[in-house]
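The values are calculated or read from the model by the stated rules, or taken from the named source; none is laboratory data. Just so it is clear, the structure is predicted and the values come from calculations on it, not from any experiment. Reconstructed Cβ throughout: ideal geometry from the backbone, glycine too, with neighbour counts over all protein chains shown. With ligands, DNA and RNA removed, areas are computed over all heavy atoms of the protein, side chains included. Shrake-Rupley method; radii C 1.70, N 1.55, O 1.52, S 1.80 Å.
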Amino acid sequence: MDVSASLVAGLLIALLAIFTVIRAVRIVPQARARNVERLGRYHKTLTPGLNLVIPYIDRVHPQIDLREQVVSFKPQPVITEDNLVVEIDTVLYFQVTDPRAAFYEIASFLQAVEQLTVTTLRNVVGSMDLEKTLTSRDTINSQLRGVLDEATGKWGLRVNRVEIKAIDPPQSIKEAMQKQMRAERDKRAAILGAEGQRQSQILTAEGDKQAAVLRAEGNRTAAILEAEGQSRAIDEVFQAIHRNDPDPKLLAYQYLTALPQLAQGQGNNFWVIPSEITTALQGVSKAFSESLPPSPATRSKPPADDEAAAKAADDTAEAAQAAAEAVADAAEADRRPRGI
């Protein structure tokens, strides 16, 4: 009986010793920390690795994460300067630098950071209108970080970054903004279309202008060349006439030969015979009735040539007489009534 009682007592003592050793040894992971209180008073902070404490006297609190932490807060309603309610969703990046201050200076540092973020956000956004709030995220982030880092320093925290994840205006404001953006896009499209049409018209006008200038230059060059050609032709004819020294008889003959060509036009329903035609006929008849003056060429020709020249003169006279008769017939036909 005594043996079994002493055995039980020994087992209890052994278990108590094992339990005491376990309670005396504390292993802290890397980037973690644990605060120790001795008899209700802060004693020390356990660093990563193996640590020894006094069992039943020292109290070891839960570990605190020393790594950078990311906390996303739920959207908070914020009133802007132009009295519009927007919901802003923020993301906070912070790190615990002093485990003792984070545990003893504030009851819940995470809740304190959230409330401080909301309060600072309302103060910052309350001094901006909606348009500036939507376009000034960097300014809001920097102001939030400055205020939070200064306030949380005594709590053993360091705020690294504050980011605004979303800014949601009311649905009516969203619809108005969409309409405004659509109107702006339509305006830019209309302006670009008008600019394109204007540029097209300018280019077309420039092309027409250049084409008209080139066409006018071509017409001018053609007219100059044609005038020069006519001038040269008239000069050649004039020089040829003066070189050959024509007499009035030849000119009268040319006048008579041109009259039938004038009468052959399709539009010549009424034709007036000039009064000079009688004088021209008399001159031609006289020219062919008189003997030609002897010339070196006629004097040097044999009698057979004289006969051929005389025959040619007779044929010419007959042709002139036929032309005169044709002119007379044309004049007689014009004097007749048109209905006959």
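Ranked by solvent-accessible area (1.4 Å probe, protein heavy atoms only, all chains present), the residues H43, H61, H242 order from largest to smallest as H242, H43, H61.
Qualifying trypsin sites (Lys or Arg not before Pro) in the stretch 24-132, where qualification requires a DSSP coil assignment and no more than 14 other C-beta atoms within 10 Å, comprise R67. Computed on the stretch 103-164, with alpha-carbon pairs under 8 angstrom and 6+ residues apart, the relative contact order is 35 percent.
Need one value: the accessible area of V237 in square angstrom, 1.4 angstrom probe, rounded to the nearest 10. Only protein atoms counted, so the area is about 80 Å². Of the chymotrypsin sites (Phe, Trp or Tyr not before Pro) in the stretch 34-104, the ones in a loop by DSSP (not H, G, I, E or B) with at most 13 other beta carbons within 10 Å are Y56. D82 exposes around 70 Å² of accessible area when a 1.4 Å probe is run over every protein chain in place.
Taking a 1.4 Å probe, which of S127, S108 shows the most accessible area, and what order do the others take after it? Mind dumping the intermediate values first?
Working: S127 75, S108 50 Å².
Most to least solvent-accessible, the answer reads S127, S108.
Applying a threshold of 29 Å to the alpha-carbon distances of K74/K187; K132/K187; K132/K154; K74/K174 flags K74/K187; K132/K154 as lying beyond it. Phi-derived couplings, Karplus 6.51 cos²θ - 1.76 cosθ + 1.60 at θ = phi - 60°, listed residue by residue for the stretch 84-101: 10, 8, 10, 9, 10, 9, 10, 10, 10, 10, 9, 8, 7, 9, 10, x, 5, 5 Hz, with x used for Gly and Pro.
A 1.4 Å probe, protein heavy atoms only, puts the accessible area of K174 near 70 Å².
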